[in-house]
1. How many percent of DSSP beta bridges within segment A:211-351 run antiparallel, rounded to 5?
2. Count charges around A:GLY236 for me, please; just the other residues with Cβ under 11 Å from its Cβ, Lys/Arg as +1, Asp/Glu as -1.
3. Just tell me which aspartates and glutamates come within less than 20 Å, Cα to Cα, of A:LYS256; anything on the same chain fewer than 8 places away is out.
4. State, in square angstrom and to the nearest 100, the accessible area buried between chains A and B, both chains counted, probe radius 1.4 Å.
5. Which Cα, out of A:GLY305, A:PRO333, A:LEU16, lies furthest along the positive dipole direction of chain A (beta carbon charges, K/R +1, D/E -1)?
6. In degrees between 0 and 90, to the nearest 10, how far off the longest principal axis of chain A does helix A:127-136 point, with axes built from Cα atoms?
7. Do any residues of segment A:54-88 lose at least 30 Å² of accessible area when the full set of protein chains is present rather than just their chain alone, and if so which, with a 1.4 Å probe?
8. Placing +1 at every Lys and Arg Cβ and -1 at every Asp and Glu Cβ, with all other atoms neutral, what dipole size does segment B:1-140 have around its Cα centre, in debye to the nearest 20?
Amino acid sequence: MASGISDLRVTAVSYLVGRDGVHVLVTTGSSATWTRLAITGDEPTKVDELRRELRDPQYVAQSRTPLLDQFAEGWGQALLPPEILAAPPDVLVVVPHGWLHDLPLHLVQCAGRPLGTRCGVTYVSSHTLFLKCTERNPCREPGGAATFDEAPPWTGPVRTSNAIIAVADVNQASDDDFGTVASAVTGAFTAADSVKSVVAHVSTAELAGADLAESPDVLCLIAHGWIDPEDRLASGLLVLEDTGLRNYFRVTANGKVFSLRLLPLAEPPAGLGEARPAALLSAAQLEIFFECRQELVLLLGCSVGSGSLMRGDQPASLAESFLQCGAVSVVAPLWDIDYPSTSRWAGAFLDAWHRGAMPKALAARYAFGEMDAAGIGLQKAGALTLRGDWI
Amino acid sequence: MTGHDEPTSVWEHLDELTDGDRELLVESAVTVLNQGVQPDEAITRDMPRSVLRSRMASALSEAGLPASKDDASAAMSSASGADAARSMLSALSRVPGLREEIEQAYRRREEIMFLDFGLVTGPALMILLLKLKRIKINSSGVDVQMYDANKSMIEMVRKMIGI
């Protein structure tokens with residue numbers, strides 16, 4: 001059954017963490033109301049402990065995350081406005097502040113099920129960034145997407161996509177493990193789409209950002225991430241070293257085209273023990289040199305979706321860097337999960353978005369709902385999140 | 001014929017594991033053995049070395065071994081090496097019930113898209129092996145005796161610190 005995008009109930013919740021507590025502005029199509037949340041004051045400490053648990057891959061691997069369960073079933077509920085939990089909208093845009101950044105609010109239980117299975121949730125670090133994301137979105141232009149399928153069988157495809165899927169597992173001699181995730185992503189596209197599978201190099205980002213007719217609208221990067229705890233801009237994706245002609249990029253200045261050597265702005269971390277020569281596609285490189293034009297960027301690797309908070313209330317993550325340099329929406333995990341869960345979530349999300357023409361937030365709801373219904377725990381089913389525009 | 005080969009046990013290839021895989025197996029063993037201690041005694045991956053050292057000193061002392069600051073540092077340093085890791089894993093491979101549980105944890109951990117940089121979990125495993133004489137496995141409820149592994153650990157540390 002087809003539904004209209006304009007009929008969806010969309011609500012934004014914007015947080016403000018102050019000395020006197022946590023305030024939240026709830027904005028709907030017709031009203032805006034400030035509410036002060038009834039929290040106990042020990043939540044920042046609990047958030048720290050929760051982050052520590054989720055950063056430990058052993059807890060996630062063994063599906064033993066007691067702090068995440070306590071958050072979802074207990075104290076996390078106080079961090080959402082009561083009216084949202086009582087009657088979730090179709091789409092919820094969350095604009096966190098301070099220690100609320102990168103917190104999985106979509107996992108909070110709402111009438112016995114995670115909120116993210118009841119409404120489509122997208123996160124964005126500021127109102128300014130949200131507006132930038134919406135302005136870039138071709139779906140919001142006149143004649144853009146208007147209807148979508150609520151459930152399979154998908155009647156589409158209603159659009160054709162031009163996608164680049166770039167894979168690199170620098171820790172292995174081959175990309176076999178990451179290849180299973182890449183297959184799930186590729187499988188969501190059809191023969192009518194143009195899907196290009198490449199090995200991820202630093203220059204892949206330039207290729208994706210190139211101002212070409214065939215510039216992709218979907219970029220999927222499957223690679224390990226690395227967070228430099230001391231320098232956010234030196235954090236990045238570990239990809240394969242560029243060689244030969246790939247080692248140059250073009251810059252146009254005063255009508256002249258210059259071919260410049262790609263020099264790394266940051267080196268891969270010491271002690272990496274990589275199986276193949278690795279390079280770091282750093283946040284600095286992304287933000288300085290590359291313009292991202294994608295409607296959707298999927299970052300399916302480790303350590304890409306969370307990071308420490310910088311001055312100016314900007315969360316330091318690669319997902320954030322991609323939004324800052326031009327992507328409309330980014331899908332990335334908040335913590336590291338396994339290959340099967342990543343493949344399953346990404347496959348379901350792309351099916352719903354690409355074949356069902358669902359807005360991305362609803363496609364995320366669909367993917368999470370499928371995994372939740374299959375009995376997959378929150379620690380694996382709820383890690384992947386949408387950021388940026390929800391359409 | 002299913003067309004799928006059953007993977008051979010990781011314990012059969014201890015000597016052939018790469019540094020990364022051996023580290024992963026040690027990390028998985030620490031996760032399983034953490035079930036045998038009180039929650040506040042569990043060893044976490046982000047524990048500062050100074051805290052680990054004091055845990056090592058008290059584990060040495062409980063095992064009746066010299067437990068000065070220098071002894072604890074020497075044990076920490078030895079436990080971080082590849083040889084010590086192989087010996088500790090070999091001791092664990094001889095404990096029925098536990099070896100299967102550790103292998104299962106290792107297989108699940110292998111699937112996580114996560115890259116560790118120079119993580120050293122050897123000292124954590126040594127501390128737990130020095131402390132634990134038995135462990136109840138959470139998932140199965142089985143009580144596993146670890147007296148032999150504990151004894152061989154104490155012997156190994158004796159040799160390491162030269163007493």
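The values are calculated or read from the model by the stated rules, or taken from the named source; none is laboratory data. On a predicted model such as this, the values are computed, not experimentally measured, just so you know. Cβ: placed from backbone, ideal geometry, glycine included. Neighbour counts: every protein chain shown. Only protein heavy atoms, including side chains, enter the accessible area calculation; ligands, DNA and RNA are left aside. Shrake-Rupley method; radii C 1.70, N 1.55, O 1.52, S 1.80 Å.
1. Details: 15 of 21 bridges.
So the antiparallel bridges amount to about 70 percent of the total.
2. For residues surrounding A:GLY236, the net value is -3.
3. A:GLU206, A:ASP211, A:GLU291
4. The A and B chains share an interface burying roughly 2000 Å².
5. Going by the charge dipole, the pick is A:LEU16.
6. 50 degrees
7. A:ASP56, A:PRO57, A:GLN58, A:ALA61, A:GLN62, A:ARG64
8. 680 debye
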